[in-house]
Amino acid sequence: TISLLWMKSKFSPAWLSVAAILLLWQIAAIRVNHPALFPSVTQLLGSILEMVSTASFYRSFVMTMARAVIAFLLAALLALPASMASFHSPFWKSFFHPLIVVLRSVPVIAVVLIALLYLSPARLPLIIGCITMLPILYQNFLSAWELTDPKLIEMARLYQKTATQRFRYVYFLQSKTLLFSGIATATGFGWRAIIIGEVLSGPVAGIGTAMKKSQAYIDMPGLLTWTLIAIGGGFLIESIWKKAASFNYRPTLKPIDSPYPAKNDEPETSPSLTLGAISFSYDGKKILDNISLQLSPAHIYQLRSVSGSGKTTLLKIMAGILHPATGTVQRSSIRRIAFSFQDQRLIPMLTVEQNIAFALRSFPALTTLQQQRLDQLLQRAGLTDHRHKLPGELSGGEQQRVNLIRALLLKADLLLLDEPLTGLDAGIKHNLLQLLNEEISRSSAPVVWATHENTGDLTVPTLVIREL
């Protein structure tokens with residue numbers, strides 16, 4: 001019945017909860033019947049209205065909020081590099097662990113009492129807020145990085161994305177919800193810790209300072225009013241982070257006002273790759289053993305063998321994603337490598353066209369010719385109507401096509417294709433074979449095609465490397 005009444009009403013459950021709290025407060029005030037110790041709702045509202053009309057209120061509120069912002073920035077600036085270092089290095093993870101445990105376990109009041117001996121009243125709330133938020137932010141950041149798909153990081157590195165680009169488009173986009181949830185939790189604890197620090201240290205202005213004065217003068221309505229203002233400040237901070245979490249952080253493709261391709265997208269001449277007696281093992285099992293080969297420009301090499309025989313591992317060694325246990329890899333005039341991955345590796349929060357354009361070093365900026373080429377590849381792959389969809393809205397075959405034309409968009413010096421057509425319908429496969437023939441024929445880059453299928457429809461010269 002209550003649910004049906006709520007559905008028919010214009011009030012949210014949150015507002016109904018607030019109304020219930022005010023009603024219970026008013027009933028308790030009537031029963032106590034002592035306004036000086038337990039003011040009624042109307043008296044509290046009057047006290048709030050009177051307080052917000054004074055300059056001292058705004059000064060106190062702004063000072064506490066400023067301390068909260070500064071303390072958060074300090075904690076974030078410490079937690080972010082520490083969490084990144086711990087994510088990439090077991091040494092730093094073990095190094096920071098006891099420090100974080102100590103900061104997380106020590107009582108706030110103990111930190112306040114110790115800090116009072118060394119810090120001025122103005123600095124104490126900042127330090128208390130920073131110490132309170134630091135372990136929460138560190139653990140939250142570290143958890144977010146650890147949940148990021150490492151295959152997407154490999155893909156971003158292969159396409160030569162900077163550390164800033166990897167953070168913005170891979171780490172941040174994948175972990176946005178977790179990050180903002182942790183930040184909201186940290187700032188909530190930090191807000192309360194800062195007010196506690198203000199109560200005990202008594203800086204010139206602040207919500208905690210005002211609460212301490214009200215308590216000293218036995219001004220119960222004033223103390224309760226400042227308490228409600230502190231609660232309101234906490235709700236405000238939480239609302240800000242919820243709004244920030246719901247914001248769309250996807251990049252927008254930006255046209256560059258130039259008809260010419262970017263200079264760094266032009267491939268070098270005569271690229272080649274040489275593998276010298278390479279071997280690779282995984283969990284004690286030898287995957288590749290003493291493989292030597294040389295890839296020449298303007299050739300396509302077919303690597304055909306059954307699934308699980310090491311084709312993908314060999315391609316990853318060629319790309320530099322993996323390093324051989326023994327042997328040498330020499331890349332001559334190879335600056336850019338394009339890889340059509342067997343497992344797609346599309347960024348879930350980017351649209352189809354954004355995932356394709358991600359291969360370009362200028363992403364999210366595109367020249368006129370790059371945009372035209374992207375549009376052409378979308379049309380040839382039958383993906384034009386899906387360009388604004390997210391990968392999760394596509395079928396497996398459609399995701400496979402996006403992955404393939406992302407590799408074709410980049411004018412690479414080495415093109416690696418790992419099962420690019422496996423599992424696709426015959427009609428789609430025929431169209432993509434025609435597209436691959438055209439693209440490969442126009443390129444001087446060596447191409448390695450790994451598959452367990454027969455690719456005899458290719459009209460370009462085919463050389464078999466070896467069957468593993």
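Multiply the residue separation of LEU99 and ARG442 by 0.36 nm, subtract the distance between their alpha-carbon atoms, and state the gained length in nm to one decimal. Write down the numbers at each step before the final one.
Numbers: separation 343, 0.36 × 343 = 123.48 nm, distance 5.77 nm.
Here the answer is 117.7 nm.
Among the lysines, select those whose C-alpha is under 17 Å from the C-alpha of LYS243, and discard any that sit fewer than 8 residues away in the same chain.
LYS176
Past the 31 Å Cα-Cα mark, which pairs from LYS151/LYS411; LYS242/LYS389; LYS285/LYS411; LYS93/LYS411; LYS151/LYS286? Before the final figure, lay out the partial values.
Numbers: LYS151/LYS411 22 Å; LYS242/LYS389 25 Å; LYS285/LYS411 36 Å; LYS93/LYS411 39 Å; LYS151/LYS286 22 Å.
Pairs exceeding 31 Å: LYS285/LYS411; LYS93/LYS411.
Once neighbouring chains are kept in place and the probe is 1.4 Å, which whole percent of the accessible area of region 88-177 is contributed by carbon and sulfur? If you can, show how the numbers build up before the last one.
Values: 3280 of 4760 Å².
With neighbouring chains kept in place, the figure for region 88-177 is 69 percent.
Once the Cα atoms of helix 426-441 and of the chain are each reduced to a long axis, what angle between those two axes, in degrees from 0 to 90 to the nearest 10, is obtained?
So the helix axis and the longest Cα principal axis differ by about 80 degrees.
Taking a spot 7 Å from the Cα of TYR217 along the direction of its beta carbon, which residues of region 40-78 have an amide N less than 19 Å from it?
Flagged as within label range: 40, 43-62.
Lys/Arg Cβ at +1, Asp/Glu Cβ at -1, dipole of region 137-235 taken about the Cα centre: which of ASN140, THR187, ALA216 is farthest positive-ward?
Farthest towards the positive pole: ASN140.
In the chain, what percentage of the DSSP-assigned beta bridges are antiparallel, given to the nearest 5? Kindly include the intermediate steps, with their values, before the conclusion.
Values: 13 of 31 bridges.
Expressed as a percentage, antiparallel bridges in the chain total about 40.
How would you classify region 334-376 from its alpha-carbon gyration tensor, with a ≥ b ≥ c the square roots of the eigenvalues: rounded for a/c under 1.5, else prolate if a/b is greater than b/c, otherwise oblate? Walk me through the numbers before you get to the answer.
Working: a/c = 1.81, a/b = 1.21, b/c = 1.49.
Oblate.
Averaged per residue, what accessible surface does the chain expose to a 1.4 Å probe, in Å²?
On the way: 24250 Å² over 468 residues.
Accessible area per residue: 52 Å².
How do 316-327, 238-249 rank on mean C-beta neighbours within 10 Å, highest first? Intermediate values should be presented prior to the final figure.
On the way: 316-327: 17.7, 238-249: 12.1.
Ranked by mean Cβ neighbours within 10 Å, highest first: 316-327, 238-249.
So how much slack lies between SER305 and SER246, counting 0.36 nm per residue of separation and subtracting their Cα-Cα distance, in nm? Walk me through the numbers before you get to the answer.
On the way: separation 59, 0.36 × 59 = 21.24 nm, distance 4.72 nm.
Between SER305 and SER246, full extension yields an extra 16.5 nm.
Taking θ as phi - 60°, what are the ³J(HN,Hα) couplings along region 140-145 by the Karplus curve (6.51, -1.76, 1.60), each to the nearest whole Hz, with x for Gly and Pro?
5, 4, 4, 4, 5, 5
Over region 293-361, what percent of the accessible surface lies on carbon and sulfur atoms, probe 1.4 Å? Could the numbers behind the result be given before it?
On the way: 1150 of 2500 Å².
The nonpolar share, carbon plus sulfur, comes to 46 percent.
From the list [x] 34, 32, 24; [y] 37, 26, 21; [z] 61, 26, 19, can you say which value of semi-axes √(5λ) of the Cα gyration tensor in Å was derived from the structure given?
It is the value labelled [z].
At a threshold of 8 angstrom on Cα-Cα distance, excluding pairs fewer than six apart, so keeping six or more, what relative contact order does the chain reach in percent? If you can, show how the numbers build up before the last one.
On the way: 680 pairs, mean separation 71.8, N = 468.
Here the relative contact order equals 15 percent.
The values are calculated or read from the model by the stated rules, or taken from the named source; none is laboratory data. It should be emphasised that the depicted structure is a prediction, and the values quoted were computed from it without experimental measurement. Counting neighbours? That spans all protein chains shown, and the Cβs are built from the backbone with ideal geometry, glycine included. Note: accessible area is taken over every heavy atom of the protein model, side chains too, but ligands, DNA and RNA are not part of it. Shrake-Rupley method; radii C 1.70, N 1.55, O 1.52, S 1.80 Å.
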